[in-house]
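Notes for the one structure printed next.
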Amino acid sequence: MKVLMVSPEIAPLAKTGGLADAVGALARALVDLGSEVTLVMPAYRTVLENVSPLQETGIEVEVPIAGRSVRGVILRTRVGERLPAFLIRADSYFLRDGLYGNPQGDYADNAERFVFFCKATLELARRTAPWDVLHCHDWQTALVPVLRKVHGQLYSEIQETKALFTVHNLAHQGNFPFSVWDLLGLEMQYFTPRYLEFYGNINLLKGGILFADAMTTVSKKYASEIRTPEWGCGLDGVIRDREKDLYGILNGVDYQEWNPETDPDIKKKYQAKNLIGKKFCKKDLQEIYGLPDKASIPLVGVVSRLVDQKGLDILNEAVEDLMHLDLQLVILGAGDQRYQALLDGLPGRYPEKVGVRIGFDNALAHKIEAGADIFLMPSKFEPCGLNQMYSLKYGTIPVVRATGGLDDTIEDYNPLSASGNGFKFSGYSGPTLLEAVKRAITLYVNKPAWRRLMAGAMACDFSWEKSANEYLALYQKLIERGGPH
Ligand code: ADP
């Protein structure tokens, strides 16, 4: 199986969130299963400065953008021993500090940057064909399936190739004003509600959903949620129309990266059989956040992008009451100024109880997974979510809202049968969040019960192998089906 895996971010090359983790780990898992996978990503500044080896391929692509021709240079690198990657270099677009924007917001030319990326990828795919599957991720790659089909004569070498489109988060759609339509190079007939128009704007994600041979999203629950007006972000009708080609495949965890037995970022490694190391990790975390070094107090961790989706408003609603409980709270996050300001104020008000770090810090994220007792994810919606699965592996019990992938992976603790691997709440409100945290810390003082819960959590297996096999089966199905959808 020859797969060209196209994504705007791929760990460890460049990452802003779970998308990068998911694509990088899926690619490695597919290689382990015997597929030939090649990655495609833009050559951002961080890639040019940090990735090695970085080699010339001698391939250059000329991309038409609104009547101009823009040149891209294709570089090559490798992730590990067996995973090659093409990096598309065009410094005027990608030689910047951020992937999609800076603290002030998204880059104003994101439409042009990613239209270029899609067109350059298609040209590269054509010139390096044959490929069995073009697997594209999120709106930044959505024009790949669109242009491949609409301008089939330009890309004849990849007409037999199957295009799979994975939506990691339906809330990010690549919506742009009609004024940038010329960049796409599509005929006007495609600017209609039947195709890429969305209430007067261009919606790139919608194009990907309509033109790919099949679509996946990252949990079964989310795949059913996005068919409804409540969670469909305006695209539920389009998704229902393509229902028979929609699949939910859960993201997995890369246990090479997230494993307390081998994690180089944590104070002391540990395993389910011997949890002494976790105590050192907790003490270390309390020190990092300047909190009283108390072994017996439950320490609640949060690692999150600070955006509406993540439930920070209900956390804020509950915070007063949470602070009356016997617990400590450490938070790591970056994102919207509004939430940063809300959180920044907390340690001043509750210096003994709350620590907040604003920023993106991968090592600290690992330390929180290891050092906390409880991991809180009160998301409004969550396509898959990775942190709750990482937490299980670290014996850090998740408290989550029952939505999307959180609902699929966390089973609420039942005190009668002692079954479950975490605590779940349904209603999106401060009081429901508070109630779930209370249940967790009530059990926490019952040491034998808590240890059993930890042992069960640490034994959960969300490795990529199972999900990668599901993707492989889907690739196979599309190939056997043949013909256009
Ligand atoms: P999303 O993709 O919506 O951000 P996920 O739970 O799927 O949510 O993935 C989040 C990933 O990003 C995890 O690997 C998490 O550790 C990481 N992450 C999020 N915010 C930060 C941060 N401020 N610092 C370090 N890592 C972070």
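The values are calculated or read from the model by the stated rules, or taken from the named source; none is laboratory data. Quantities reported herein were computed from a predicted structural model and do not represent experimental measurements. We place every Cβ from the backbone using ideal geometry, glycine too, and count neighbours over all the protein chains shown. When the accessible area is computed, the model is the full protein with side chains, heavy atoms only, and any ligands, DNA or RNA have been set aside. Shrake-Rupley method; radii C 1.70, N 1.55, O 1.52, S 1.80 Å.
If the condition is being assigned to a helix (DSSP H, G or I) and small (Gly, Ala, Ser), then the stretch 172-196 contributes only SER179.
Taking the criterion of being within 15 Å of the ligand (Cβ to nearest atom) and more than 18 Å from GLU470 (Cβ to Cβ), the residues of the stretch 20-59 that qualify are ALA20, THR46.
Using the structure shown, decide if TYR270 is under 28 Å from ASP21 (Cα atoms), within 16 Å of the ligand (Cβ to nearest atom) and among the hydroxyl-bearing types (Ser, Thr, Tyr). So TYR270 fails the test. Only a single item in (1) within 16 Å of the ligand (Cβ to nearest atom); (2) closer than 26 Å to VAL399 by Cα is not met by THR216, and it is number (2).
Looking at THR121, THR161, THR128, just one residue is within 24 Å of the chain's Cα centre (by Cα) and of a type in the set (Val, Ile, Thr), and that residue is THR121. For the stretch 278-299, a residue qualifies if it is within 16 Å of the ligand (Cβ to nearest atom) and within 23 Å of MET389 (Cβ to Cβ), and the qualifying residues are CYS281, LEU285. If the condition is being crowded, with 18+ Cβ neighbours inside 10 Å and not hydrophobic (A, V, I, L, M, F, W, C), then the stretch 325-334 contributes GLN328, GLY333.
Would you check which residues across the stretch 10-28 are among the hydrophobic types (A, V, I, L, M, F, W, C), under 16 Å from ILE249 (Cα atoms) and open to solvent by 10 Å² or more (accessible area, probe 1.4 Å) and list them? Within the stretch 10-28, LEU19 is the sole residue that qualifies. Looking only at the stretch 300-345, residues that are polar (S, T, N, Q) and within 12 Å of the ligand (Cβ to nearest atom) come to 3 in all. Mind checking which residues of the stretch 393-416 are farther than 29 Å from GLY232 by Cα, touching a residue at least 60 places away in the same chain (Cβ under 8 Å) and more than 13 Å from the ligand (Cβ to nearest atom)? GLY395, ILE397, listed by residue number. Within the bounds of the stretch 185-193, is there any residue that is over 29 Å from ARG481 (Cα atoms) and touching a helix residue (DSSP H, G or I) at 6+ places or on another chain (Cβ under 7 Å)? Looking for residues that are over 29 Å from ARG481 (Cα atoms) and touching a helix residue (DSSP H, G or I) at 6+ places or on another chain (Cβ under 7 Å), one finds at least one in the stretch 185-193, hence yes. Please go through the stretch 188-233 and give me each residue that is aromatic (Phe, Trp, Tyr) and closer than 22 Å to LEU472 by Cα, ordered by number. Correct list: PHE211, TYR222.
Please enumerate the residues belonging to the stretch 275-324 that are on the phi > 0 side of the Ramachandran plot and buried (at least 23 other Cβ atoms within 10 Å of the Cβ). Selection gives GLY311 alone. Screening the stretch 371-392 for residues that are away from the ligand (no atom under 11 Å from the Cβ) and under 18 Å from LYS447 (Cα atoms) and picking the one that is most open to solvent (accessible area, probe 1.4 Å) gives ASP373.
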